[in-house]
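Down below is the structure, laid out as structure tokens.
The values are calculated or read from the model by the stated rules, or taken from the named source; none is laboratory data. These numbers come from a predicted model, not from an experiment. Every residue, glycine among them, receives a Cβ derived from its backbone with ideal geometry; neighbour counts consider all protein chains shown.
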Amino acid sequence: MKTWRRSICLGSLLLVPLAAHANNQHFALAATGRFDELARLIEAEEQTAKKPLRTADRHALCFAYSKIKRYDKLLPCLDQLEERIRSGDLRTRLLGLDDGTPTVHVMRADALIELGQYADAIEEAQKGLKWLREADSDDLDMIVHLMAAVSLAATLEGDREAGSNYARELDEFQLGLLGRDYVGTKAMALGRVYMALGEFDKAVKAIESDTTFGLRSFLDNLVSGATLRGVNNWLWAELPRDFMITKAYFETGRIDEARTGYDELLRIPQVRANGEIYWQLLSDRARIHELDGEIDKALERYREAVEVIERQRLSINTETNKIGFVGDKQAVCGRLVDTLYQAGRIEQTFEYIERSKARALVDLLATKNELKGASLAALTEADRLAIEQAPADMDALASNAQREAEAARLTEELRRNDPELASLVSVTAVPIAEIQTRLLPDEVVLQYYLSGEQLFVGAVTKDAVSMQRVADGDLTAKVRRLRVTIQEDEDEVRTRDYAKELYELLLGPVRPLVTGKNLLVVPHGVLHYLPFAALYDGSDYLMQSTLIRFLPSASTIRFLRTPSGTQKDPVLVLANPDLQDPAMDLPFAETEGKFIAQNIPASEIFARAQASEEIFKSRAPAFRMLHVASHGEFNGADALQSRLLLAKSGTEDGSLTVGDLYNMRLDADLVTLSACETGLGKVQTGDDVLGLTRGFLFAGSSNIVASQWKVDDQATGVLMQHFYANLSQGKPKREALREAQRETRKTFAHPFYWAAFYLTGLGV
């Protein structure tokens, strides 16, 4: 099947899909880069008509979503568009009858690239190319777009060689005599690919190879009458084209040209609706302000860029996609933090580090059951209004002001009624002063933040704030080396050497503030995997002298709830569940469970077949403490599927996953996970650790004790017996754990046996 159509030459990787019925209003909004208005218009038309959109309008709507980065709407829109095309409705373009399937693949591939799902993006692009081959299609612009998507995804995934090979194939791809209309398409596609490869001179050369771009845009505007109306139908193409050229200038040291180019772009109102380039414009302009010594202006631009990124992230409705989306955008927050630090604004530095971590934290709050209903509807509306605040032209300023005012009203209402929920709309870190008031006696917050090869080490006491920056590009290797040594090497001398090196790196910069203090540790990145209890100060392990607790962000301190006290029973114990495999039996776990039940009256213990997922889900909400002694599994590919292994029963398969926990409501003062790898979680971009610990925290537990590696059954049994004996004597949670580690160390000296366990939460 041959396809035929007339298309406008493109200035971006995606073409503007124009309706087959030539909806002039849709065309005008798309052509002039007013994608937010286009999306609202088509949504209103669909609501008014009370019937599904025609394929042409659905196509235009999907494209608008792709430009304003409404990922929550884009992906379902593409699914609906694809289904309409399959049903036989192929009228998707102006003056043409071509099948829109390739453009579905292009938009989906580009979205997957932006969400960090590079392998899926390559697969999607290759589907499009296969469809074109099988259809014997000469749709040259689609071929170019899809080839570019494959190159981009491979490059961003880290396979530079493959990305370069695909780029070379694209460069050598011949358009032929009939392909002169697609010279601009290929030029822009190559430009974007070379930008990703960091070959900026090649990018500019490729873009500027389209020597007739200006003439074509001029003639089209003239002939269409756009010039007489004072509009530019080619703005949608000019914005990404001018941005890439200007960015190449910046990256190659042509700062004066870049400064002028960025300022011109930022003066165009429609650029705010072009989500793929707006945050980059702001970030790069901030970097130039830094070079010019204009620190306040730089900070303002960085803050704006962070806000844009956060609004885009709000439109992503799956955790995996949120994680992938952050990617290179996390560097913007890093540059903001570094600029604040260099300017000597230490408290603001701390607060933005917290803001970065709180973003990951509050994203997960959205999965809680109580966020459904009217409040969630209000949240969704506030999010929408926040995203739509940019006016497309002067005539839209009034309506924009109204939207902004309404968004502010909704946000304030949410803030009064539900501060947790409100934080999803506007992320604000808990002020340092409030954190200071909530610290336990003799406690100091250790706040860590990794940005490239820079490590920020912050310390907050009740009356002081300090921040130090340390250059260390080998931190990941050092943490890995210590963990491997602890788990695989019985040489305690070597373990101490590595542990001392990390002690000096992580605590040395703020030693005066932490000496003699207990610690509230807020890790970042790879530090989530570090057993802080095993750090060595030169004379002994940190655990020996220091009480330690952890939080995913210091702002969590505001949201940790003290249990209501309505629980009727003290401890629910699930021990040594029958997993239908003798090799998985944990006899000491069962002994450990019996010890707990004997020493804490009115406790309930379920072992073997009775230690089931069904029992846990049905009984856990009624208990003050929960103890699970079983195997745990960390799923590195999908951390939401990390799980505790329990016995099967009824309709439950015995896998208590992180996802299950997000749908539970607990009221527990303590959850103890006496299992393997229960505290591990995948360190994501944006510093989210999606492990069982986080799952229990958001289910409503105020303290969680978990392990960081596969622990020894016998040693764990000893440690847990001491832990619960200490609790029964009324000792606070963090102290009970520390004393249990001390006692276990007397029999099992090596850190492997006692350092895996750590406490997250209130600590009391």
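Tally the residues that are assigned to a helix (DSSP H, G or I) and touching a helix residue (DSSP H, G or I) at 6+ places or on another chain (Cβ under 6 Å), restricting the search to the range 148-170.
The total comes to 14.
Is it the case that the range 714-731 has a residue that's in contact (Cβ under 8 Å) with a residue 12 or more places away in the chain and more than 21 Å from Gly593 (Cβ to Cβ)?
Taking every residue of the range 714-731 in turn, none turns out to be in contact (Cβ under 8 Å) with a residue 12 or more places away in the chain and more than 21 Å from Gly593 (Cβ to Cβ).
For the range 261-302, which residues satisfy the criterion of being acidic (Asp, Glu) and in a helix (DSSP H, G or I)? Reasoning before the result, please.
Pass one, the range 261-302, residues acidic (Asp, Glu): 263-264, 276, 284, 290, 292, 294, 296, 300.
Result: Asp263, Glu264, Glu276, Asp284, Glu290, Asp296, Glu300.
Report whether or not Ala30 is closer than 17 Å to Val106 by Cβ, at pLDDT below 85 and in a helix (DSSP H, G or I). Don't jump to the end; show me each part of the working.
Working: closer than 17 Å to Val106 by Cβ: yes; at pLDDT below 85: yes; in a helix (DSSP H, G or I): yes.
Considered against the rule, which asks whether it is closer than 17 Å to Val106 by Cβ, at pLDDT below 85 and in a helix (DSSP H, G or I), Ala30 comes out as yes.
Does any residue in the range 429-447 that is on the phi < 0 side of the Ramachandran plot and part of a helix (DSSP H, G or I) come within less than 8 Å, Cβ to Cβ, of a residue that is surrounded by fewer than 18 Cβ atoms within 10 Å (Cβ to Cβ) and of a type outside the set (Asp, Glu) six or more places away or on a different chain, and which pairs are these?
Glu434/Arg558; Gln436/Thr461; Gln436/Lys462; Thr437/Lys462; Arg438/Arg558
What about Asp171, is it crowded, with 17+ Cβ neighbours inside 10 Å, touching a Leu at 6+ places or on another chain (Cβ under 9 Å) and of a type in the set (Asp, Glu)? Working first, answer last.
Values: crowded, with 17+ Cβ neighbours inside 10 Å: no; touching a Leu at 6+ places or on another chain (Cβ under 9 Å): yes; of a type in the set (Asp, Glu): yes.
The answer is no for Asp171.
For the range 239-284, enumerate the residues that are among the acidic types (Asp, Glu) and surrounded by fewer than 19 Cβ atoms within 10 Å (Cβ to Cβ). Explain how you work it out, then say what you get.
First, pick out the residues of the range 239-284 that are among the acidic types (Asp, Glu): 242, 251, 256-257, 263-264, 276, 284.
Listed by number, the residues that qualify are Glu251, Asp256, Glu257, Asp263, Glu264.
Here is a yes/no grid of residues against (1) modelled with pLDDT under 90; (2) aromatic (Phe, Trp, Tyr); (3) buried (at least 16 other Cβ atoms within 10 Å of the Cβ); (4) under 23 Å from Ala248 (Cα atoms):
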{"position": "Arg86", "(1), (2), (3), (4)": "yes, no, no, no"}
{"position": "Leu94", "(1), (2), (3), (4)": "yes, no, yes, no"}
{"position": "Leu97", "(1), (2), (3), (4)": "yes, no, no, no"}
{"position": "Thr103", "(1), (2), (3), (4)": "yes, no, yes, no"}
{"position": "Leu112", "(1), (2), (3), (4)": "no, no, yes, no"}
{"position": "Ala135", "(1), (2), (3), (4)": "yes, no, yes, no"}
{"position": "Gly176", "(1), (2), (3), (4)": "yes, no, no, no"}
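Give Val183, Val204 a once-over and let me know the one that is within 25 Å of Asp138 (Cα to Cα) and touching a residue at least 40 places away in the same chain (Cβ under 8 Å). Show your work before the answer.
Working: Val204 fails: within 25 Å of Asp138 (Cα to Cα).
Criteria check complete, one pass: Val183.
I'd like the full set of residues that are touching a Phe, Trp or Tyr at 6+ places or on another chain (Cβ under 9 Å), free of Cβ contacts under 8 Å to residues at least 60 places away in the same chain and farther than 16 Å from Gly700 by Cβ, limited to the range 585-626.
Matches in the range 585-626: Gly593, Ser603, Glu604, Phe606, Ser612, Ile615.
One residue is enough: does the range 260-268 have a residue meeting the conditions more than 32 Å from the chain's Cα centre (by Cα), closer than 27 Å to Val306 by Cβ and without any contact (Cβ under 8 Å) to a residue 60 or more places away in the chain? Full working, then the answer.
Applying the first criterion (more than 32 Å from the chain's Cα centre (by Cα)) to the range 260-268 yields 260.
Restricting the remaining residues to those that are closer than 27 Å to Val306 by Cβ gives 260.
Narrowing the set further to residues that are without any contact (Cβ under 8 Å) to a residue 60 or more places away in the chain leaves 260.
Yes: one or more hits.
Can you say whether Tyr65 is within 30 Å of Gly158 (Cβ to Cβ), modelled with pLDDT of 90 or more and aromatic (Phe, Trp, Tyr), as far as the supplied structure shows? Lay out the reasoning, then the answer.
Details: within 30 Å of Gly158 (Cβ to Cβ): yes; modelled with pLDDT of 90 or more: yes; aromatic (Phe, Trp, Tyr): yes.
Taking the combined requirement at face value, the residue satisfies it.
Say whether the condition of being buried (at least 20 other Cβ atoms within 10 Å of the Cβ) and under 19 Å from Gln468 (Cα atoms) is met by at least one residue in the range 535-542.
no
Cβ-Cβ distance below 6 Å, separation of 6 or more or different chains: which pairs start in the range 744-755 with a residue that is in the same structural domain as Leu719 (by TED's automatic domain parsing) and end on one that is part of a helix (DSSP H, G or I) and of a type in the set (Val, Ile, Thr)?
Pairs that qualify, where the first residue is in the same structural domain as Leu719 (by TED's automatic domain parsing) and the partner is part of a helix (DSSP H, G or I) and of a type in the set (Val, Ile, Thr), are Thr744/Val718; Pro751/Ile486; Phe752/Ile486; Trp754/Thr744.
Restrict the check to the range 296-314 and report whether at least one residue is farther than 14 Å from Leu239 by Cβ, in contact with a helix residue (DSSP H, G or I) (Cβ under 7 Å, 6 or more places away or on another chain), at pLDDT 80 or above and polar (S, T, N, Q).
Within the range 296-314 (the criterion being farther than 14 Å from Leu239 by Cβ, in contact with a helix residue (DSSP H, G or I) (Cβ under 7 Å, 6 or more places away or on another chain), at pLDDT 80 or above and polar (S, T, N, Q)), the answer is no, since none of the residues qualifies.
Taking Ala749, is it part of a loop (DSSP other than H, G, I, E, B), over 20 Å from Pro601 (Cα atoms) and modelled with pLDDT of 90 or more? Before the answer, list the steps.
Values: part of a loop (DSSP other than H, G, I, E, B): yes; over 20 Å from Pro601 (Cα atoms): yes; modelled with pLDDT of 90 or more: yes.
Considered against the rule, which asks whether it is part of a loop (DSSP other than H, G, I, E, B), over 20 Å from Pro601 (Cα atoms) and modelled with pLDDT of 90 or more, Ala749 comes out as yes.
Name every residue in the range 232-260 that is within 13 Å of Ile207 (Cβ to Cβ) and either in contact with an Asp or Glu (Cβ under 8 Å, 6 or more places away or on another chain) or at pLDDT 95 or above (or both), in order of residue number.
Pro240, Asp242, Ile245, Thr246, Lys247, Ala248, Tyr249
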